[in-house]
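> Okay, handing you the structure first.
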Amino acid sequence: IAGMDIQDGIRRLTGQFRITTQEAKRYGKIAGDLYKDSWGDSIVELQKNVATASAQLGDITTAELAKVSAGILAIADTWDADFNAVLRSTSLLLDNDLAPSATAALDLVTAGFQAGGDKAGDLLDTIDEYAQHWAALGFTGEEALNQVIHGLQNGQRDADKLADAVKEFRLRSVDDVDEVSQAYSDLGLEAGRLRLQILAGGPTAKTAFLTILKAIESVEDPVERNRVAIAFLGTQYEDLGPRALESLLTSEGALGDVETAAEDLGRSV
């Protein structure tokens, strides 16, 4: 029966994904091995999962495709998450160069769940919405998720609000409007240079981000600090509360051990 299911799945895959029979057989072999290892409810469903993963993750070896598919299934099983939702977040971390490989991206997602990043139920949605903004500011995926996890440990309500503050900073800090220009001046910072650094992206953008936030943090008058912070971070700063700057300035240590997190999870479930 399993052999018939695999052949039926192969026929379906060639039509659904417009792939060759050889490619469909490759996915069928991976799905069959996963099913033998007690993953999934049916071989046909697993074949579709594997094919979808291959389509989204791009140039990936058979061995890594099998490994990543198993890891996504382990996350879905452990935290009652949707396979496609986990895959999408993994793919976006990879596509935005926040992780060097699909395996590394999935390790980040796994570690994020393990560290409590989904306590408000929004970890995957946060990755999906803000991956491009983290990348534009020069963060690695590990730094971005460390910031999110630390923020949650530091009393923030959810992952989305903290990441939204980062997005607002990216947009506001390069906006040549009076409110922002005055905030730069009041902090004693050179607006033109810092705006160019942020627009350049990469490490220079992250350096500018930290420079500006540390300057805000150093303002002694709480009313003045609130004013300049809102200029750069919007009302998200007020929503995040008195520990907002501390949360945004911390981007290491909260995730714990990331490497092989997905593979290790798969062995435990």
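The values are calculated or read from the model by the stated rules, or taken from the named source; none is laboratory data. This structure is a prediction, so every number in the text was calculated from the model and none was measured. A quick note on method: Cβ atoms are made from the backbone with ideal geometry, for glycine too, and the neighbour counts reach across all protein chains shown. Heads up: the accessible areas ignore ligands, DNA and RNA and are worked out on the full protein's heavy atoms, side chains in. Shrake-Rupley method; radii C 1.70, N 1.55, O 1.52, S 1.80 Å.
> Taking all pairs of different Cα atoms in region 132-269, averaging 1/r and flipping that mean, what Kirkwood radius in angstroms comes out?
About 15.5 Å for region 132-269.
> In whole Hz, with x marking every Gly and Pro, tabulate ³J(HN,Hα) for region 128-141 from phi via Karplus 6.51 cos²θ - 1.76 cosθ + 1.60, θ = phi - 60°.
Coupling constants for region 128-141: 4, 7, 10, 4, 5, 6, 4, 4, 5, 8, x, 7, 7, x Hz.
> Hey, what does the equivalent ellipsoid look like for region 160-199, semi-axes from the Cα gyration tensor as sqrt of 5 times each eigenvalue, largest first, whole Å?
Its equivalent ellipsoid spans semi-axes of 19, 11, 9 Å.
> I'd like the carbon and sulfur percentage of the solvent accessible area for region 73-176, probe radius 1.4 Å, heavy atoms only, ligands and nucleic acids excluded. Mind dumping the intermediate values first?
Details: 1420 of 3640 Å².
After summing per-atom areas, the C and S share lands at 39 percent.
> Could you tell me which of S247, Q156, V269 has its Cα farthest along the dipole of the chain towards the positive end, charges placed at Cβ (Lys, Arg +1; Asp, Glu -1), taken about the Cα centre?
Working it through, the farthest residue towards the positive pole turns out to be V269.
> Also: Could you work out how much longer the chain between S185 and R267 gets when fully extended? Use 0.36 nm per residue separation minus the Cα distance between them, nm to one decimal. Walk me through the numbers on the way to the answer.
Values: separation 82, 0.36 × 82 = 29.52 nm, distance 5.48 nm.
Stretched out fully, the S185 to R267 stretch lengthens by 24.0 nm.
> Per residue of the chain, what 222 nm ellipticity follows from adding -39500 (n - 2.57) for every DSSP H run with n ≥ 4, rounded to the nearest 500?
Details: 16 runs with 196 residues, N = 269.
Taken over the chain, the calculation gives -22500 deg cm²/dmol.
> In whole Hz, with x marking every Gly and Pro, tabulate ³J(HN,Hα) for region 194-203 from phi via Karplus 6.51 cos²θ - 1.76 cosθ + 1.60, θ = phi - 60°.
Going residue by residue, I get 5, 5, 5, 4, 5, 5, 5, x, x, x Hz, with x marking Gly and Pro.
> Would you mind calculating the gained length between D221 and E246 on full extension (0.36 nm times residue separation, minus the Cα-Cα distance), in nm to one decimal?
7.3 nm
> What's the center-to-center distance, using Cα atoms, between region 134-195 and region 206-256 in Å?
Distance between centres, Cα-based: 8 Å.
> Using only alpha-carbon positions, what ratio does the radius of gyration of region 49-160 give when scaled by 2.2 N^0.38 Å?
Here the answer is 1.00, to two decimals.
> May I pose another question? Over all directions, the average projected area of the alpha-carbon convex hull for region 209-259 comes to how many nm²?
Numbers: hull surface 16.6 nm².
Average projection, Cα convex hull of region 209-259: 4.1 nm².
> Give me the accessible area per residue for the chain, probe 1.4 Å, as a whole number in Å².
Working: 12520 Å² over 269 residues.
Result: 47 Å² of accessible area for each residue.
> Once the other residues with Cβ under 15 Å from the Cβ of S38 are scored (Lys, Arg +1; Asp, Glu -1), what is the net sum?
With Lys, Arg at +1 and Asp, Glu at -1, the neighbours total -3.
> With all distinct Cα pairs included, what does the Kirkwood hydrodynamic radius of region 116-204 come out to in Å, to one decimal, could you say?
Hydrodynamic radius (Kirkwood, Cα only) of region 116-204 equals 14.0 Å.
> May I ask you to order 100-113, 232-245 by the average number of other C-beta atoms within 10 Å around their residues, highest value first?
So the peptides 100-113, 232-245, ranked by packing, come out 100-113, 232-245.
> Could you pull the Cα extents of the chain along its three principal axes, largest to smallest, in whole Å?
73, 32, 25
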